[in-house]
Amino acid sequence: MAKKDYYEVLGLNRDASAEDIKKAYRKLAMKHHPDRNPDNPKSEERFKEAKEAYEVLTDASKRAAYDQYGHAGVDAAAGAGAGAGFGNFSDAFGDIFGDIFGGGRQRSNVYRGADLRYNLEVSLEDAARGTETRIRIPAMEECQTCHGSGAKPGTSPTTCATCGGHGQVRMQQGFFSIQQACPKCHGSGKVVASPCAACNGAGRIKQHKTLSVKIPAGVDEGDRIRLSGEGEAGVNGGPSGDLYVVIHIKAHAVFQRDHNDLHCEMPISFTAAALGGEIEIPTLDGYAKIKIPAETQSGKVFRLRGKGIKGVRSSSHGDLMCHMVVETPVNLTARQKELLAELETINQTSVGRHNPRAKSWMDKVKEFFAE
């Protein structure tokens with residue numbers, strides 16, 4: 001029976017990359033392996049075909065011969081043809097899963113340090129204008145006594161005899177070849193016979209350090225500032241992690257922030273609200289004057305354009321929204337009460353004219369109860 005085209009077996013085009021070949025074979029091998037399909041000759045045959053195709057196409061010289069001369073070229077180069085049995089399946093599988101299980105290659109024992117997070121509270125003013133502050137953080141730093149080796153000064157770590165310095169030992173489980181951390185050196189690949197007294201052999205020591213942080217103008221709640229290399233020190237000479245400073249805006253006595261806009265409440269007397277006039281509004285840059293029209297109602301919002309905050313990624317300033325709150329006077333004198341009573345008497349002669357909202361509401365109440 002004529003052999004099938006290797007690319008067709010794996011479902012690939014002839015320009016498939018080595019990674020494409022691995023992925024295709026892995027998928028077919030997992031689906032048709034005899035351990036998963038006992039007493040299924042068809043799956044066994046598909047598995048053999050996939051394995052043969054994989055072994056040829058992942059070998060550069062065999063693939064070149066096959067691309068030029070077909071199966072005859074492979075047979076001439078490899079003698080009796082590519083083996084289709086199961087003897088080397090674990091080796092092929094180990095190559096496919098090399099990135100997961102180690103693949104028999106020596107693994108690096110150098111690790112990047114952990115990233116750190118620092119929550120920083122800043123005032124609304126500092127967030128709007130930008131500032132620079134200093135923070136003190138705990139972090140794992142390289143031990144200065146042993147310079148990160150973990151060994152007592154004058155000595156050096158030795159290669160772990162159990163794993164040969166790989167940091168991993170291989171465990172055979174069925175047709176899988178799985179690697180795990182060496183129980184002797186815990187994955188470091190080295191053994192410290194005489195630990196450093198300062199760090200107890202860890203190579204790192206917990207310290208506090210003070211850093212200067214520049215807060216850009218316009219930062220908002222939850223923004224992060226990255227300080228590269230200011231995280232924890234790496235292991236075995238690995239690079240340090242990063243420090244992320246997370247911004248939290250303190251509550252302000254006057255303003256509430258909404259992205260680039262600011263909001264504030266402005267209490268005014270009912271006399272000023274009724275007669276109108278000019279009042280001073282607080283802003284982050286001082287006071288600004290606005291004109292209040294006569295008959296201003298509580299809840300009226302006045303927009304002061306450009307008096308908000310310019311965000312980090314914004315091209316212009318936000319606005320300031322000033323919410324009017326008409327305040328009822330308290331601690332009235334007898335004369336004040338007398339004048340207010342007189343005003344109320346006058347208002348009652350023409351409620352619809354002087355208190356239109358109250359009259360409209362009362363009319364709706366009457367209609368409700370009349371139904």
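The values are calculated or read from the model by the stated rules, or taken from the named source; none is laboratory data. From a predicted model like this one, the values you see are computed outputs, not experimental measurements. Positions of Cβ are backbone-derived with ideal geometry, glycine not excepted, and every protein chain shown enters the neighbour counts. Just the protein is used for accessible areas: all its heavy atoms, side chains included, with ligands, DNA and RNA removed. Shrake-Rupley method; radii C 1.70, N 1.55, O 1.52, S 1.80 Å.
Through the Karplus equation 6.51 cos²θ - 1.76 cosθ + 1.60, θ set to phi - 60°, convert the phi angles of the range 128-133 into ³J(HN,Hα) values in whole Hz; use x for Gly and Pro.
Those phi angles translate into 6, 9, x, 7, 9, 9 Hz.
Do any chymotrypsin sites (Phe, Trp or Tyr not before Pro) in the range 249-346 lie in a loop, going by DSSP, with at most 14 other beta-carbon atoms within 10 Å of their beta carbon, and if so which?
Values: sites: Phe255, Phe270, Tyr287, Phe302; in loops: Phe255.
Qualifying residues, ordered by number: none.
Among 322-333, 23-34, what's the highest-first ranking by average C-beta atoms within 10 angstrom per residue?
On the way: 322-333: 12.2, 23-34: 17.5.
The peptides rank, most packed first, as 23-34, 322-333.
Could you tell me the center-to-center distance, by alpha carbons, between the range 243-262 and the range 202-225 in angstrom?
Centre-to-centre (Cα) distance: 18 Å.
At a threshold of 8 angstrom on Cα-Cα distance, excluding pairs fewer than six apart, so keeping six or more, what relative contact order does the range 177-283 reach in percent? It would help to have the intermediate numbers written out before the result.
On the way: 79 pairs, mean separation 15.5, N = 107.
Answer for the range 177-283 is 14 percent.
For the range 245-350, what does the accessible surface come to per residue with a 1.4 Å probe? Please give it in Å².
Values: 6880 Å² over 106 residues.
Here the residues of the range 245-350 average 65 Å² of exposed surface.
Taking θ = phi - 60°, what integer Hz values does the Karplus form 6.51 cos²θ - 1.76 cosθ + 1.60 yield along the range 147-156, in sequence order, with x for Gly and Pro?
Ordered by residue, 3J(HN,Hα) equals 6, x, 7, x, 9, 4, x, x, 10, 9 Hz.
What relative contact order, as a whole-number percentage, does the range 195-347 give when Cα pairs under 8 Å and 6 or more residues apart are counted? All intermediate terms of the calculation are to be shown ahead of the outcome.
Values: 233 pairs, mean separation 29.1, N = 153.
About 19 percent, as a whole number.
With a Förster radius of 25 Å, plug the Cβ-Cβ distance of Gln297 and Glu338 into 1/(1 + (r/R0)^6) and report the FRET value to the nearest 0.05. Write out the running numbers ahead of the final one.
Working: r = 26 Å, r/R0 = 1.04.
About 0.45, to the nearest 0.05.
With a 1.4 Å probe and all protein chains left in place, how much of the accessible area of the range 238-357 comes from carbon and sulfur atoms, in whole percent?
On the way: 3940 of 7740 Å².
Heavy-atom surface of the range 238-357 belonging to carbon and sulfur, 1.4 Å probe: 51 percent.
Among the lysines, which fall within straight-line cross-link reach of Lys23, defined as a Cα-Cα distance under 23 Å, with same-chain neighbours fewer than 8 residues apart omitted?
List returned: Lys3, Lys4, Lys31, Lys42, Lys48, Lys51, Lys62.
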